[in-house]
Structure formats: structure tokens, C-alpha cells
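The values are calculated or read from the model by the stated rules, or taken from the named source; none is laboratory data. Since this is a predicted model, take the numbers as computed values, not measurements. Every residue, glycine among them, receives a Cβ derived from its backbone with ideal geometry; neighbour counts consider all protein chains shown. In case anyone asks, the SASA skips ligands and DNA or RNA and just uses the protein heavy atoms, side chains included. Shrake-Rupley method; radii C 1.70, N 1.55, O 1.52, S 1.80 Å.
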Amino acid sequence: MAGRSAEAADGSIIVAEVRLTHPDKLLYPEQGISKRRLAEYYESVGAWILPHIAGRPLSLVRCPAGQEKACFYQKHLGPAAPPAIRHVSIREREGPAAYSLVEDLPGLVALVQIGVLEIHPWGARAADVEHPDRLIFDLDPDPALPWSRVVEAAFAVRDDLAALGFQSFPKTTGGKGLHVVAPIAPKHGWEEVKLFARAFAAAMVDEAPRRYTINPLKKERVGRIFIDYLRNERGATAIAPYSTRARPEAPIAAPLAWSELSAGTKPALTLATIGARLARGADPWADMNEIEQQITPAARKGLGL
């Protein structure tokens, strides 16, 4: 593949200008997926994933010994990170903190070098971190609910957003739920966006209280779908489109076209099966960053704000 060199004397290889040490180390042992294979996967989808992660603060799930061993969540890599991974200083309660940042394909592949199996970007770019450019609704169902209920919820979110003037896009999470994402112009602060997202989710609960909840308590989720609007607060993240998950079978958080979302078979895209999808040559989220839409006075009024 492009960017890959022959194996060096120490066993390392080069992928996208990044030296991978121990390239045959298994990151997903049950599936036989090595560091080399994961790096080559990201090399193949770089043009599709980078528009959604480049220049954004990142939180990462690292599994240096592979998915079956101890993994940990990390926001601040520190100076030992590979040079292709950059940093941005962001104000936190305790003071400024350095968040990880990638700008290009070498930065993405460098995440593989340090054992990153999940990439979680902020809903804002580092250059304008106080103004998010995504509305994200995470549909998290009671595990007992059938997939058809999750699909119905996603279409309900889509239609209710459309009634307020927003185009939205669905994505599998690599788990049991779905994300519905609407791009917005970075003109609104975090509090305004969070308030709008909460009002939207609460309106759905008011319409169908037996189907939905915005209460995160497990007892409130029985028989319902939790509409997690808190992805829209400062510092919150969501799994990146095309990122792997640190779970058995190496699932992919896969963007979908609405026409692909069926109440029948749940999409089960993994690192082993994503190739057929990529071979079609059509990225269903290709136009997302070209869409200009914002929270208008009419949209706020529609939610009673």
C-alpha cells in the first residue's frame, strides 16, 4: 500500500511516513488483527475519516497490549507521544491542558503506533473550541429492545430535526445504538447548543414517553431508548466515524446513508467486513462538512426556547 516500506532490520515498517514498531503485534488477537493491518486500514480510509477528526481535540482509548488486555481512556498524551501527534492547549477548570490533535494521515497512523483502538473527537475544532459544529444525539436502547425500535427512533430524530430545518446523518456506534449527527455552523456557544439539544430530546420524550427518556438512570431506560443529548456539552466527545472500537470482533463506527438503515438486519461492520463497503467507493458522509445550517430563531421557537 502507499506509504509502506520494506521491513527494517529491527522488524519495524513504515506506513504513511510513520515507523511502526512490532507491526505483527496482535491488537485484536481473536481476529488475528495486527498493528500493521490496523494502520493499513486507516491508511485506506484516511480521506474519509480525516475530515471528521483533523484539527479537533481528541480523547483516546489505548490498548497497548491489545483489545483483550487492559485498556484506558486518555485525553492528555504528554511529550512522549510520536511527533506526528500534535497538541493543543485547552482551558479546563484546573487550568490549561494539552489535548491530542492530528492533522493528517501520519498523525492518524501514529495513533496506531501507540495502541489507540478508539478515536473520540470533540464536537468543535481546536481553532474555535468554544463554538461546536455538530449536534449529536446518541440513541442508547435498553438491551432488551429490538433493533427495529432503534431504527424507528433514528428516523424520528431525523424527521423532527428536518422539521426544524436541519439535515442529519446516521452512524452505527460499534455497539447497540446509533448516533444521529447534524452539522451546524460554529456560531453558537456550548451552553446554547446544549440547551437546544436538551429541549429537542425532551420534546421527543413528551411526544412518546413510553419510548424515550432523557434520564440516564438504568431503571428509567427499561423498555425505552435513552436520548443522550449530553454529547453536546463542552468537553464531551463521540466516537469518530470509521474508528474501530476496543471490543471483540473489531467493530467499526460506520456512517450510513438513511437508505441503508433498515429495521431488519442490524449493520455489523467490522474491520474484517468494512472492505466490501469501502469498495463501493461512496462515502455517505462525504457532503457533511459542506452543509451550512444553524440554530435559527424559528428552530428555537419550535422547541419553546
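Which value, in debye to the nearest 20, describes the size of the charge dipole of the chain about its Cα centre when Lys and Arg Cβ atoms bear +1, Asp and Glu Cβ atoms bear -1, and nothing else is charged? Result for the chain is approximately 640 debye, rounded to the nearest 20.
Once both labels are positioned 7 Å from their Cα atoms along Cα-to-Cβ, the gap between LYS69 and GLU192 label points is 4.8 nm. Projecting the Cα atoms of ALA299, PRO216, LEU161 onto the dipole axis of the chain, where Lys and Arg carry +1 and Asp and Glu carry -1 at the beta carbon, places PRO216 farthest toward the positive end.
Helix 147-163 axis versus longest C-alpha principal axis of the chain: approximately 70°, rounded to the nearest ten.
Helical runs (DSSP H, four residues minimum) scored at -39500 (n - 2.57) apiece and divided by the length of the chain put the mean residue ellipticity at 222 nm at -8000 deg cm²/dmol. When the solvent-accessible area of the stretch 108-239 is split by element, carbon and sulfur atoms take up 52 percent of it, the probe being 1.4 Å. For THR273, the solvent-accessible surface with a 1.4 Å probe is about 60 Å², rounded to the nearest 10. Other residues whose C-beta falls under 11 angstrom from the C-beta of GLY46 contribute a net charge of -3, scoring Lys and Arg +1 and Asp and Glu -1. Note on LYS25: accessible area is roughly 80 Å² with a 1.4 Å probe, heavy atoms of protein only.
Just report the Cα centroid separation between the stretch 124-146 and the stretch 244-274, whole Å. With the stretch 124-146 and the stretch 244-274 each reduced to a Cα centre, they are spaced 18 Å. Rounded to the nearest 20 debye, the dipole magnitude of the stretch 19-101 is 200 debye, with +1 charges on Lys and Arg beta carbons, -1 on Asp and Glu beta carbons, and the Cα centre as origin. Accessible surface calculations at 1.4 Å, restricted to protein heavy atoms, place the chain at 44 Å² per residue. Among the listed pairs LYS171/LYS266; LYS176/LYS266; LYS25/LYS75, those with a Cα-Cα distance over 18 Å are LYS25/LYS75. Surface listing: LEU20, LEU217, LEU303 arranged by accessible area from highest to lowest gives LEU217, LEU303, LEU20, probe 1.4 Å. Within the stretch 45-108, report the trypsin sites (Lys or Arg not before Pro) that DSSP leaves as loop and that have at most 16 other Cβ atoms within 10 Å. Those satisfying the criteria are LYS69, ARG93. Candidates PRO106, SER89, LEU117 compared by Cα position along the dipole of the stretch 66-129: farthest toward the positive end lies SER89, with charges placed on Cβ.
Rounded to the nearest 10 degrees, the angle from helix 35-53 to the longest Cα principal axis of the chain is 40 degrees.
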